[in-house]
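First up is the structure itself, then whatever we jot down about it.
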Amino acid sequence: MDISLALGAGGAKGVAHIGVLRQLEKHGFRVRAIAGTSFGGVVGSIYAAGYPMDELEEIFASVDQRHLYGLRPQDTASLYGLAGIEQWLIETLGDRTFADLKIPFAAVAVDLNSSREVILCEGCVRDAILSTIALPAIFSPFRADGMELVDGGIFDPVPVSIARSLAPHVPVVAVVLANPVGEPTRLPYFKLPLPEPIVQQLTRLRITQALSVGMRSLDVSDRLLTDLRLKIEKPDVIIRPDVADVGLLDVVDIREVTKRGEVACEAALLELKRVTAWPNRLRRRLRGDSI
């Protein structure tokens, strides 16, 4: 039962992707290609590198989440830096290139200079991940080859068409972390990766409250863009873990959020089996599906 995956953006919510992958393996689905945006790119790249499922979860569970966002000398015009994440990627992915990966993989970024989507599928995987997670204003753009690359989620929150292009004749499963348009948000304010007493003081500041409004507004536009892209690109199956209460930079219980991904995948199991059944596989081949 072959599928390709489009792993969506969502910051700390993206841990749910691990649970989805676990259940897909458990039920015998073979992932033939992965396209990921933002944290979907992080999880997708490490899975594509060939780590066993249990080891994959442990890699994330062992991270000290409170020390991921230190500033680097090159970090400018940003609230936080990627020092801890970069070091973690060095330890996890090393100098792997896309050619070294076990599964075809692509990450998505946006070049601020040209206002265009950039599909990252060659060269150093680590650099691609630092590009696709560079959420504007929160983290600095990744500069390479004259481009200023930022989080691909501002253009393509769930890269269905890219996943389809990597494996044209298999169903695309989209793992969506944004709630549909119209559902209320459960995030009360812009959460900060700091000790709780400091967070409580900062949330009283006008600038923090302004950031909260800004982030909640971005959440609304992200939902709309996600819904529109899904309607246009039509993935074969949509899996939507219940992670609406998880903030962008939250310190999360990795195993608990992973479980949410497992639950969502189980709920989609019948649909997954339907689209991968032999009549549908034959139909796709006869039609020459590639878009």
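The values are calculated or read from the model by the stated rules, or taken from the named source; none is laboratory data. Keep in mind that this is a model prediction, so the values were computed, not measured. Reconstructed Cβ throughout: ideal geometry from the backbone, glycine too, with neighbour counts over all protein chains shown. Remember, those area values only see protein heavy atoms, side chains included, never the ligands or the DNA or RNA. Shrake-Rupley method; radii C 1.70, N 1.55, O 1.52, S 1.80 Å.
Data table
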read-out	value
Number of the exception - residue 186 against (1) under 23 Å from residue 43 (Cβ atoms); (2) charged (D, E, K, R); (3) at pLDDT 65 or above; (4) surrounded by fewer than 16 Cβ atoms within 10 Å (Cβ to Cβ)	(3)
Residue check, residue 44 small (Gly, Ala, Ser), in contact with a His (Cβ under 9 Å, 6 or more places away or on another chain) and assigned to a strand (DSSP E or B)	no
Of all residues making up the range 41-88, the number that are touching a Lys or Arg at 6+ places or on another chain (Cβ under 9 Å), more than 21 Å from residue 108 (Cβ to Cβ), acidic (Asp, Glu) and in contact (Cβ under 8 Å) with a residue 24 or more places away in the chain	1
Which listed residue, of 274, 285, 260, 255, is farther than 21 Å from residue 159 by Cα, out of contact with any strand residue (DSSP E or B) (no Cβ under 8 Å at 6 or more places or on another chain), of a type in the set (Lys, Arg) and at pLDDT 95 or above	260
Total residues in the range 231-250, condition surrounded by fewer than 15 Cβ atoms within 10 Å (Cβ to Cβ) and in contact with a Pro (Cβ under 9 Å, 6 or more places away or on another chain)	0
Qualifying residues in the range 142-169 (those that are modelled with pLDDT of 95 or more, in a helix (DSSP H, G or I) and not β-branched (Val, Ile, Thr)) - the one nearest to residue 6 (Cα to Cα)	163
Filter result for residue 224 (over 30 Å from residue 53 (Cβ atoms), in contact (Cβ under 8 Å) with a residue 24 or more places away in the chain and not charged (D, E, K, R))	yes
Yes/no for residue 40 being surrounded by 22 or more Cβ atoms within 10 Å (Cβ to Cβ) and at pLDDT below 95	no
Candidates 99, 109, 134, filtered to the one that is open to solvent by less than 40 Å² (accessible area, probe 1.4 Å) and either in contact with a helix residue (DSSP H, G or I) (Cβ under 9 Å, 6 or more places away or on another chain) or in a helix (DSSP H, G or I) (or both)	109
The range 43-57 - residue that is open to solvent by 10 Å² or more (accessible area, probe 1.4 Å) and of a type outside the set (A, V, I, L, M, F, W, C) and, of those, farthest from residue 125 (Cα to Cα)	54
Subset tally (residues that are touching a helix residue (DSSP H, G or I) at 6+ places or on another chain (Cβ under 8 Å) and surrounded by fewer than 24 Cβ atoms within 10 Å (Cβ to Cβ)) for the range 156-169	2
Members of the range 73-91 found to be surrounded by 13 or more Cβ atoms within 10 Å (Cβ to Cβ) and assigned to a loop (DSSP other than H, G, I, E, B), listed by number	75, 78, 79, 80, 81, 82
Options 170, 176, 181, 150; residue that is more than 12 Å from residue 106 (Cβ to Cβ) and within 13 Å of the chain's Cα centre (by Cα)	176
Where residue 106 falls short, out of the listed (1) of a type in the set (A, V, I, L, M); (2) farther than 15 Å from residue 49 by Cβ; (3) in contact with a strand residue (DSSP E or B) (Cβ under 9 Å, 6 or more places away or on another chain)	(2)
Selected residue [open to solvent by 70 Å² or more (accessible area, probe 1.4 Å), part of a helix (DSSP H, G or I) and farther than 17 Å from residue 4 by Cβ] from 263, 257	263
Residue count, the range 139-159 (criterion: touching a Pro at 6+ places or on another chain (Cβ under 9 Å) and within 25 Å of residue 247 (Cβ to Cβ))	6
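Here is a yes/no grid of residues against (1) modelled with pLDDT of 95 or more; (2) within 16 Å of residue 138 (Cα to Cα); (3) of a type in the set (Gly, Ala, Ser):
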site	(1), (2), (3)
61	no, no, yes
67	no, yes, no
71	no, yes, no
74	no, yes, no
82	no, yes, no
95	yes, no, no
101	yes, no, no
105	yes, no, no
110	yes, yes, no
